[in-house]
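Some notes on the structure that comes next.
The values are calculated or read from the model by the stated rules, or taken from the named source; none is laboratory data. Note that the structure is a prediction, hence the values are computed from the model and not measured. Positions of Cβ are backbone-derived with ideal geometry, glycine not excepted, and every protein chain shown enters the neighbour counts.
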Amino acid sequence: MNEFLLSVLLGIVEGLTEFLPVSSTAHLRISEALFHIDLTNGYWKMYTIVIQLGAILCLPVYFRERIAEFLAAGERGDRTVLTHPLGLTCVAFVVTALPAFLLTKVIGKHLESLFIMGSSLLIGGVVMWIVDAMNAKSEKMGPGAAGNRIHTWHMEDMSLGQAVWIGFCQIFSAVFPGTSRSMSTIAAGQIAGMSRASALEFSFFLSIPTMVVATGYDLLKSLRGKGENAMGVTHIDPHGWVVLAIGFVVSFIVAYGSVAWFLAWVRKHGFAPFAIYRIVVGAAVLAWAMGILG
């Protein structure tokens, strides 16, 4: 396949799946097998990092007004720097960062398999479906209704405990490829009494520091030519740079559109369709891994 077209297709896959609760890692791994490319190769490894950055950078652009709103609001009577929405984002990031780094260094290499990804997709889909169904009645009841298990309808009303809990649950996505960062943070938020919209928005905000640091670190190693299958800048020809640029731009544009659509969809329909999709794809990947398919 022409590498320019391949870059467009991979950029679309990354842009569509990075923030939907379906696991971009699993979908890129599936794409690797379907398109017969080696994503562990130095150049293609860096390519996946670049398109991830493209997707991630759409978030501060998309949420620029919301971020400005939070910054302008500052502290209020019941909110300190630590419990400010942006402060809570940092707290959740810190809770995730160190354990995830240590765990992935120890066992991460042993989990890059279709079996693990298929299992994570399937189990995560079941968990997401159960949690969303558990909250569906409360979503319809709305704020202030008696007996409503949802008590956090807006991200700015989150508590420190909720942020710590969500940060802890995000560790699973770092350790088990196919879990999905957005799935783990959204489901964790709903379990902790957050509405669909507030859990989803916090998931987006938490993605910014988490993924910028993670992909930035990987990209730096790759550009310096360090590590297994690393790819230094000096080894990339003009054709290679164009392929990288195409993937970055396509991923940014598609991710921006998917974020806008996802926010609108979830407020009206919930997460059940994504849970079903995860279960179906997870079962198919497991069958593939066990040799039942192909």
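Which of the residues that make up the stretch 174-209 are polar (S, T, N, Q), over 23 Å from S138 (Cα atoms) and surrounded by fewer than 24 Cβ atoms within 10 Å (Cβ to Cβ)?
Across the stretch 174-209, the qualifying residue is only S207.
Which one is nearest to A260 (Cα to Cα), of the residues in the stretch 1-29 that are in a helix (DSSP H, G or I) and among the small types (G, A, S)?
Among those that are in a helix (DSSP H, G or I) and among the small types (G, A, S), it is G15.
Where the second residue is assigned to a helix (DSSP H, G or I) and aromatic (F, W, Y) and the first is over 27 Å from Q170 (Cβ atoms) and lies in the stretch 23-46, which pairs have Cβ atoms under 7 Å and are six or more apart or on separate chains?
I37/W44; D38/W44
Look at T179 and say whether it is outside any helix (DSSP H, G or I) and among the β-branched types (V, I, T).
yes
With respect to the numbered conditions (1) out of contact with any Cys (no Cβ under 9 Å at 6 or more places or on another chain); (2) surrounded by 13 or more Cβ atoms within 10 Å (Cβ to Cβ); (3) touching a residue at least 60 places away in the same chain (Cβ under 8 Å), which one is the sole condition not fulfilled by A260?
The one condition A260 does not meet is (2).
Take residues that are basic (K, R) and tell me which of the helices (runs of 4 or more DSSP H) falling wholly in the stretch 34-98 contain 2 or more.
The helices (runs of 4 or more DSSP H) meeting that bar are 64-73.
I need the full set of residues from the stretch 235-294 which are under 18 Å from M183 (Cα atoms), part of a loop (DSSP other than H, G, I, E, B) and of a type in the set (G, A, S), in order please.
G270 - this is the single residue of the stretch 235-294 that is under 18 Å from M183 (Cα atoms), part of a loop (DSSP other than H, G, I, E, B) and of a type in the set (G, A, S).
Can you find even one residue in the stretch 96-115 that is more than 27 Å from V250 (Cβ to Cβ), modelled with pLDDT of 85 or more and surrounded by 20 or more Cβ atoms within 10 Å (Cβ to Cβ)?
Within the stretch 96-115 (the criterion being more than 27 Å from V250 (Cβ to Cβ), modelled with pLDDT of 85 or more and surrounded by 20 or more Cβ atoms within 10 Å (Cβ to Cβ)), the answer is yes, since at least one residue qualifies.
Would you be able to say whether some residue in the stretch 59-79 is modelled with pLDDT of 85 or more, surrounded by 20 or more Cβ atoms within 10 Å (Cβ to Cβ) and either under 16 Å from V213 (Cα atoms) or within 18 Å of the chain's Cα centre (by Cα) (or both)?
yes
How many of the residues in the stretch 1-22 are within 28 Å of I123 (Cβ to Cβ) and either modelled with pLDDT under 90 or over 20 Å from the mean Cα position of the chain (by Cα) (or both)?
Final tally of qualifying residues: 0.
For the stretch 138-154, check the following and say yes or no: at least one residue is surrounded by 24 or more Cβ atoms within 10 Å (Cβ to Cβ), of a type in the set (K, R) and either in contact (Cβ under 8 Å) with a residue 12 or more places away in the chain or assigned to a helix (DSSP H, G or I) (or both).
No - not one qualifying residue is present in the stretch 138-154.
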